[in-house]
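See below for the structure under consideration.
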Ligand code: HEC
């Protein structure tokens, strides 16, 4: 039985998916708690960068706002900037106070208080107050010797060496200017037997900031290949139609954007990748004022353990008639 399915880029839907599929299965103790640090900061009358601000920025902002080993910013876009050093953060102190007070940053769409999400990107009220008071006081550095060492980011595979690396058959030229580019790369893993995937990681190629976001779509019927003009060429388009049986959909979170941590499936949630299945990387690129070549690759991390737990997709589509609070995306 063949069905037509469309991928969607409903970002909030993916967030709902990630939270709903796992929050019930992860013990509370696995969810990071920063209560102690926030409580301590609550009593800081005159916050300094070294003692109060750097820990907040390192924990909640740096994963997106840092430059990579090639000197480029991990975020997508031309206005991306790093927030790793005191001078970087000081320069933007009042803007940081503004965007955290309005909760534009860190970007997190779900309204607080309507469900607990794993890995929530959200500042506490005390942390927001600290950033505002620090900006108001003129962004004092404090004791430079107390500044915690900035987090380290690798421009290699974040989860270590993958069990299988799939490389795009050929690079895609992204022009310096013009409209956004939506492109689908098809990967055919050479598998002799079914493998169970516990994590995937996407690397965009030379420049992390080039990809705005990417979805990995599983194509057991190998129907995407029919849309290529020649084998290995890939094909354009944001929404793709694939043929498959609904029972083949792994219902997992196969989504990537700059700054996001690769998603590792909780124990028991691996998904099967059968021989003869293609993976399609459905990617959105943004021209950055210089022409670039994108040669993405996908890293697959396997486990021997077949799944004994199964997530359920609950898709929340955004429409203009949506009544969900704060449904306006910062990251579309
Ligand atoms: C998940 C990635 C991510 C995280 C985490 C994040 N940011 Fe951002 N930030 C972005 C993106 C993407 C933009 C560009 C938004 C746009 O152009 O609409 C941005 C833009 C900004 C801007 C410019 C806003 C403007 O109006 O132009 C500031 C200031 C900022 N971030 C501060 C922060 C601070 C402070 C934190 C932590 C408390 C943070 N960000 C965490 C992704 C992130």
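The values are calculated or read from the model by the stated rules, or taken from the named source; none is laboratory data. Nothing here was measured: the structure is a model prediction, and the numbers come from that model. As a convention, Cβ positions derive from the backbone with ideal geometry for all residues, glycine included, and neighbour counts pool all protein chains shown.
Residues that are in a loop (DSSP other than H, G, I, E, B) and surrounded by 15 or more Cβ atoms within 10 Å (Cβ to Cβ) within region 263-292 comprise 263, 265, 266, 269, 270, 277, 286, 287, 288, listed in sequence order. The condition of being buried (at least 16 other Cβ atoms within 10 Å of the Cβ) and over 22 Å from residue 295 (Cβ atoms) holds for residue 134.
Yes or no, residue by residue, for (1) at pLDDT below 85; (2) outside the structural domain of residue 167 (by TED's automatic domain parsing); (3) under 18 Å from the mean Cα position of the chain (by Cα):
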{"site": "265", "(1), (2), (3)": "no, no, yes"}
{"site": "273", "(1), (2), (3)": "no, no, no"}
{"site": "277", "(1), (2), (3)": "no, no, no"}
{"site": "285", "(1), (2), (3)": "no, no, yes"}
{"site": "290", "(1), (2), (3)": "yes, no, no"}
{"site": "299", "(1), (2), (3)": "no, no, yes"}
{"site": "314", "(1), (2), (3)": "yes, yes, no"}
{"site": "317", "(1), (2), (3)": "yes, yes, no"}
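Return yes or no: is residue 115 farther than 30 Å from residue 241 by Cβ and in contact with a strand residue (DSSP E or B) (Cβ under 9 Å, 6 or more places away or on another chain)?
Numbers: farther than 30 Å from residue 241 by Cβ: yes; in contact with a strand residue (DSSP E or B) (Cβ under 9 Å, 6 or more places away or on another chain): no.
Against the criterion (farther than 30 Å from residue 241 by Cβ and in contact with a strand residue (DSSP E or B) (Cβ under 9 Å, 6 or more places away or on another chain)), residue 115 does not qualify.
Quick one: is residue 102 surrounded by fewer than 16 Cβ atoms within 10 Å (Cβ to Cβ) and within 14 Å of the ligand (Cβ to nearest atom)? Walk me through it before giving the result.
Details: surrounded by fewer than 16 Cβ atoms within 10 Å (Cβ to Cβ): yes; within 14 Å of the ligand (Cβ to nearest atom): yes.
Yes, satisfied.
So, residue 200, is that one buried (at least 19 other Cβ atoms within 10 Å of the Cβ) and touching a helix residue (DSSP H, G or I) at 6+ places or on another chain (Cβ under 8 Å) or not? First the steps, then the outcome.
On the way: buried (at least 19 other Cβ atoms within 10 Å of the Cβ): yes; touching a helix residue (DSSP H, G or I) at 6+ places or on another chain (Cβ under 8 Å): no.
So residue 200 fails the test.
Just wondering, is there one or more residues in region 251-260 that are at pLDDT 90 or above, assigned to a loop (DSSP other than H, G, I, E, B) and assigned by TED's automatic domain parsing to the domain that holds residue 187?
Just the residues of region 251-260 that are at pLDDT 90 or above, to begin with: none.
Among the residues of region 251-260, not one is at pLDDT 90 or above, assigned to a loop (DSSP other than H, G, I, E, B) and assigned by TED's automatic domain parsing to the domain that holds residue 187, which makes the answer no.
Applying the condition of being out of contact with any helix residue (DSSP H, G or I) (no Cβ under 7 Å at 6 or more places or on another chain) and closer than 21 Å to residue 261 by Cα to region 105-120 and asking which residue is surrounded by the most Cβ atoms within 10 Å (Cβ to Cβ) yields 108.
Evaluating residue 81 against the criteria (1) surrounded by fewer than 20 Cβ atoms within 10 Å (Cβ to Cβ); (2) assigned to a loop (DSSP other than H, G, I, E, B); (3) modelled with pLDDT of 85 or more leaves one unmet condition, (3).
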